[in-house]
C-alpha cells in the first residue's frame, strides 16, 4: 500500500495519466514498476484476496483479513530464512585474512 500511495503522491516512475497513456498507443509501465507489482501480489496475499472479496459482506471481509494474516506468517518466515541464508553466504565469502 505504501508503494501505491507514494507513487500516487510523488510519481517516482514518471507514469503518465490515463488520458496521456491512451494517446500514446502502446504504452507499457516501466519494467521495475511491473516487477514491484508482481512481487506485491506474491508477498501480500491480502491484495489478491481483496480483489476476490470486493463488494462482499463484513463477515467475509473479516474472514479474509484473518486468512491473509495466516498466509503472511509463513511467507515472511520463508523470506526471512532466504535473506539470512544469503547474508551468511555473502559474509562467509568475505572472511578477513589473518595477519600472522
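Laboratory data are not the source of any read-out in this text; all were calculated from the coordinates shown. Source: prediction; values computed, not measured. Using ideal geometry, Cβ is built from the backbone for each residue, glycine included, and neighbour counts are taken over all protein chains shown.
Its alpha carbons give segment 19-65 an Rg and a Dmax of 15.4, 43 Å.
Normalised by the number of residues in segment 2-92, the mean separation of alpha-carbon contacts (under 8 Å, six or more apart) gives a relative contact order of 19 percent.
The tail of the calculated P(r) for the chain, taken as Cα-Cα distances beyond 22 Å, holds 57 percent of the pairs. Using a simple spin-label model with pseudo-atoms 7 Å out from Cα toward Cβ, residue 66 and residue 38 lie 3.4 nm apart. Between 0 and 90 degrees, the angle of helix 58-93 with respect to the longest Cα principal axis of the chain falls at about 30 degrees.
Label sites at residue 87 and residue 13, each approximated as a point 7 angstrom past Cα along Cα to Cβ, lie 2.9 nm apart. A protection proxy built from the mean count of other Cβ atoms within 10 Å ranks the segments 8-21, 35-48, 66-79, most packed first, as 35-48, 66-79, 8-21. Principal-axis analysis of the Cα atoms of the chain puts helix 31-43 at an angle of about 90° to the longest axis.
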